[in-house]
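Student: Structure below; questions to follow.
Quick note: the coordinates plus some simple rules give every number you see, no bench work behind them. These numbers come from a predicted model, not from an experiment. FYI the Cβ positions are ideal-geometry reconstructions off the backbone, even for glycines, and counts take in every protein chain you see.
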Amino acid sequence: MGPNPAAAKQAEKLRIDGNTYFKKDRFGAAIDAYTEAITLCPNVPIYWSNRALCHLKRNDWERVEEDSRKAIQLDSSSVKAHYMLGLALLRRQESAKGIKELEKALDLGRGANPKGYMVEEIWQELAKAKYHEWELSSAERSWELQSLKEACESALKERHFLDFSQTEGFVEESTTNLEQLEALEVVFNIAAEADTPTEVPDYLCCRITLDIFHDPVITPSGLTYERAVILEHLQKVGKFDPITREPLDQSQLVPNLAIKEAVQAFLDKHGWAYKVD
């Protein structure tokens with residue numbers, strides 16, 4: 001059974017009051033207002049996520065986590081709640097769990113109502129976390145590869161020394177050992193390629209921002225753009241495709257799932273591409 005109409009009306013008034021306090025950076029007063037709203041209507045997820053945002057502004061990460069989890073319990077599709085929970089977990093050094101929540105927020109946020117569009121904000125935090133994760137794992141892989149390479153080189157040189165000692169005076173010294181060392185160098189260079197920053201392929205980048213796609217959408221003309229960028233163009237410049245100049249409406253934008261999957265596959269293999277300026 002839901003709250004009585006009078007309680008629901010009062011709770012909404014408190015939410016609006018809380019929003020007003022928040023905009024004026026009066027986070028304590030906003031928290032009080034949202035808390036009263038929660039007391040009246042505890043099953044409204046936005047009251048919990050709004051209060052979590054206030055705790056975030058005060059760097060009270062334990063309460064951010066608590067309120068975000070409650071909001072998700074009430075509404076598992078809350079982009080803001082998953083995003084804030086991800087941030088809270090990252091602050092607690094729970095990187096894997098934090099990244100998982102940010103990825104969930106990103107997936108939910110793609111294609112969201114433009115007024116509540118958070119993809120760019122979520123991407124920035126996710127990219128920083130993923131790049132840091134890549135830096136740590138890359139350093140570890142680099143150390144392991146170097147150690148293995150040195151061990152292989154040492155073994156080859158030792159074998160060559162033994163072979164040369166046994167055949168000295170009977171055959172001329174061959175170039176086999178040098179060739180083996182060169183081949184070894186090639187093998188280890190190939191192994192290190194995935195961790196070597198290069199350039200992101202053009203087809204994975206927005207032709208306007210030149211950055212790797214975060215939320216690619218395709219137009220009727222077949223061109224793909226970053227959603228936030230093309231939406232801004234349609235709102236501020238005009239309702240037409242910036243490249244073809246053909247008429248274009250927001251409703252005609254369709255998620256480009258093929259490019260989205262290609263971007264993710266590239267990022268999974270090349271974590272350095274998560275680096276943000």
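Student: Would you pull out the residues with amide H under 5 Å of PHE240's amide H, same chain only if 5 or more places away, H placed 1.01 Å from N?
Tutor: Sorted by chain and number, the residues that satisfy this are LEU248.
Student: Give, in nm to one decimal, the length gained when the segment between GLU246 and ARG92 is fully stretched (0.36 nm per residue of separation minus the Cα-Cα distance).
Tutor: In short, 50.5 nm is gained.
Student: Treating cross-link reach as a plain straight distance, find the lysines whose alpha-carbon is under 20 Å from the alpha-carbon of LYS57, omitting any fewer than eight places away in the same chain.
Tutor: Partners found: LYS23, LYS24, LYS70, LYS80, LYS128.
Student: Ok, one more. Along Cα→Cβ, 7 Å out, is where each label goes; now give me the distance between the ones at GLU140 and GLU158 in nm to one decimal.
Tutor: Spacing of the two 7 Å Cα→Cβ label points: 2.8 nm.
Student: Gain in length, THR209 to THR39, computed as 0.36 nm per residue apart minus the alpha-carbon separation, to one decimal in nm?
Tutor: Additional length available on full extension: 56.6 nm.
Student: Another question, then. Tell me, how many Å apart are the Cα centres for segment 234-251 and for segment 121-158?
Tutor: 44
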